[in-house]
Amino acid sequence: MTKRFISCVFFALCFFVSLANNANAFVEKNFAVVQILDKAAGKARTVTLPVGQKVEFEKLYLLTQKCLQTDPFMAENFYAFVEITKSDSAKIFSNWMNRNAPGENPVQNPDYDVWLLRCE
């Protein structure tokens with residue numbers, strides 16, 4: 001009886017550990033695609049940012065550290081860690097962006113809005 005109980009507990013524990021490991025599965029991508037709104041000009045542009053390379057866009061310097069897609073078997077979402085520096089000042093943004101919740105970590109700048117569209 002105790003052997004059966006121990007084996008059931010062991011298999012249940014293995015089952016829950018495997019579920020926990022699969023819950024946080026991400027696919028790393030090489031590019032982040034962002035939308036940048038120039039508030040002064042009233043124009044939005046789509047820009048592709050290679051991971052690990054600094055990209056200059058008008059007065060901004062954008063550096064993507066990571067771009068992750070949720071597991072293909074889960075609801076689709078994208079996350080990117082982006083650092084944004086304005087040419088005449090220090091960093092204006094350094095945080096994770098979430099495609100499905102762009103308001104969680106917004107770029108707080110009077111000249112530009114930046115949000116993540118997808119990872120490729």
Next on the checklist: Can you list residue pairs whose Cβ atoms sit under 7 Å apart, with the first residue in region 46-65 being of a type in the set (Asp, Glu) and the second being assigned to a strand (DSSP E or B) and surrounded by 14 or more Cβ atoms within 10 Å (Cβ to Cβ)? Count only pairs 6 or more apart in sequence or on different chains.
Outcome noted: 58/38
Checklist outcome for this item: Taking region 66-84 and keeping only residues that are under 9 Å from the mean Cα position of the chain (by Cα) and either free of Cβ contacts under 8 Å to residues at least 24 places away in the same chain or at positive phi (or both), one is left with 77, 81
Checklist entry - Where residues in region 98-115 are outside any strand (DSSP E or B) and touching a residue at least 40 places away in the same chain (Cβ under 8 Å), which of them is surrounded by the most Cβ atoms within 10 Å (Cβ to Cβ)? => result 111
Item to check | region 57-84, residues that are β-branched (Val, Ile, Thr) and under 12 Å from residue 114 (Cα atoms) | outcome: 82, 84
Item to check | Residue in region 26-41 that is nearest to the chain's Cα centre (by Cα), counting only those that are farther than 14 Å from residue 115 by Cα and outside any strand (DSSP E or B) | outcome: 29
Checklist entry - Out of the residues in region 1-48 that are more than 14 Å from residue 120 (Cβ to Cβ) and among the β-branched types (Val, Ile, Thr), which is modelled with the highest pLDDT? => result 36
Next on the checklist: Would you confirm, using the coordinates I've provided, whether residue 44 is assigned to a loop (DSSP other than H, G, I, E, B) and either exposed (fewer than 15 other Cβ atoms within 10 Å of the Cβ) or over 17 Å from the mean Cα position of the chain (by Cα) (or both)?
Outcome noted: no
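The values are calculated or read from the model by the stated rules, or taken from the named source; none is laboratory data. Just so we're clear, the structure is a prediction, and the values are computed from it rather than from any experiment. With ideal geometry, Cβ positions are generated from the backbone for all residues, glycine too; neighbour counts draw on all protein chains shown.
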